[in-house]
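The values are calculated or read from the model by the stated rules, or taken from the named source; none is laboratory data. In this text, all values refer to a predicted model and were calculated from it rather than measured experimentally. Neighbour counts are summed over all protein chains in view; Cβ atoms, including those assigned to glycine, are modelled from backbone coordinates with ideal geometry.
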Amino acid sequence: MFVEFKNLEVWRLAYNFTLKIYKVVEPFPAYEDGNIKSQLRRAATSLPLNISEGSGANSAKMFMTYLIFAYRSTKELETLLLLSKDLGYLTREKFEEVLGELNLVSEKLREYMDNLQNNYILKGRNKAPIHIIEKKKRLS
């Protein structure tokens with residue numbers, strides 16, 4: 001029961017968000033290379049990595065575990081972005097732009113998790129082909 005992660009909207013959003021974070025943190029001060037700059041990159045990178053790794057899980061419950069890890073990273077990223085704004089590394093405008101994109105990733109991830117939970121895990125269909133979830137979303 002494997003999912004082609006590159007076909008998942010939530011993965012594509014997370015991947016593009018990660019690319020954006022790499023560009024956003026580039027002008028941060030050099031002394032933040034091993035701290036906030038690095039942590040933002042690692043937390044952002046964990047989003048598409050956890051989604052893609054989870055897509056290879058052999059059960060819906062295991063996939064959900066990886067999605068939860070990704071969701072938790074969105075909360076870490078929100079805090080790191082707030083710190084970056086308050087330390088003067090991001091303008092209010094850039095902060096709001098990036099936070100808006102993060103919120104979209106977080107919302108889509110939560111929707112995907114709810115769909116997986118409601119349509120597979122709670123119904124005892126733990127071994128059902130998960131790729132159907134994404135197809136159902138496209139049709140609605």
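When only residues in segment 52-64 that are farther than 13 Å from V10 by Cα and surrounded by 19 or more Cβ atoms within 10 Å (Cβ to Cβ) count, which is farthest from the chain's Cα centre (by Cα)?
Of everything passing the filter in segment 52-64, A60 is farthest from the chain's Cα centre (by Cα).
From L49, L104, L67, L13, which residue is in contact with a Gly (Cβ under 7 Å, 6 or more places away or on another chain), surrounded by 13 or more Cβ atoms within 10 Å (Cβ to Cβ), among the hydrophobic types (A, V, I, L, M, F, W, C) and at pLDDT 95 or above?
Numbers: L49 fails: in contact with a Gly (Cβ under 7 Å, 6 or more places away or on another chain); L104 fails: in contact with a Gly (Cβ under 7 Å, 6 or more places away or on another chain); L13 fails: in contact with a Gly (Cβ under 7 Å, 6 or more places away or on another chain).
After applying the criteria, what remains is L67.
Could you run through segment 27-40 and say how many residues are surrounded by 16 or more Cβ atoms within 10 Å (Cβ to Cβ) and part of a helix (DSSP H, G or I)?
First pass over segment 27-40, keeping only residues surrounded by 16 or more Cβ atoms within 10 Å (Cβ to Cβ): 28, 32, 36-37, 39-40.
Right, trim to part of a helix (DSSP H, G or I) and you get 32, 36-37, 39-40.
Matching residues across segment 27-40 total 5.
In segment 107-121, what residues are crowded, with 17+ Cβ neighbours inside 10 Å, under 12 Å from the mean Cα position of the chain (by Cα) and not basic (K, R)? Let's see the steps before the verdict.
Here is the first cut: in segment 107-121, the ones crowded, with 17+ Cβ neighbours inside 10 Å are 108-109, 112-113, 116, 120-121.
Right, trim to under 12 Å from the mean Cα position of the chain (by Cα) and you get 108-109, 112-113.
Within segment 107-121, L109, Y112, M113 qualify.
Take L40 and decide whether it is touching a Lys or Arg at 6+ places or on another chain (Cβ under 8 Å), of a type in the set (A, V, I, L, M) and in contact (Cβ under 8 Å) with a residue 40 or more places away in the chain. Reasoning before the result, please.
Values: touching a Lys or Arg at 6+ places or on another chain (Cβ under 8 Å): no; of a type in the set (A, V, I, L, M): yes; in contact (Cβ under 8 Å) with a residue 40 or more places away in the chain: yes.
No; evaluated as a whole, the condition is false for this residue.
Which numbered condition in (1) surrounded by fewer than 19 Cβ atoms within 10 Å (Cβ to Cβ); (2) of a type in the set (V, I, T); (3) at pLDDT 95 or above; (4) under 17 Å from W11 (Cβ atoms) is the only one that I132 fails?
Result: I132 fails condition (3) only.
Taking only pairs six or more apart or across chains, which ones have beta-carbon atoms under 6 Å, a first residue in segment 70-87 that is surrounded by fewer than 21 Cβ atoms within 10 Å (Cβ to Cβ), and a second residue that is not in a helix (DSSP H, G or I)?
Pairs found: none.
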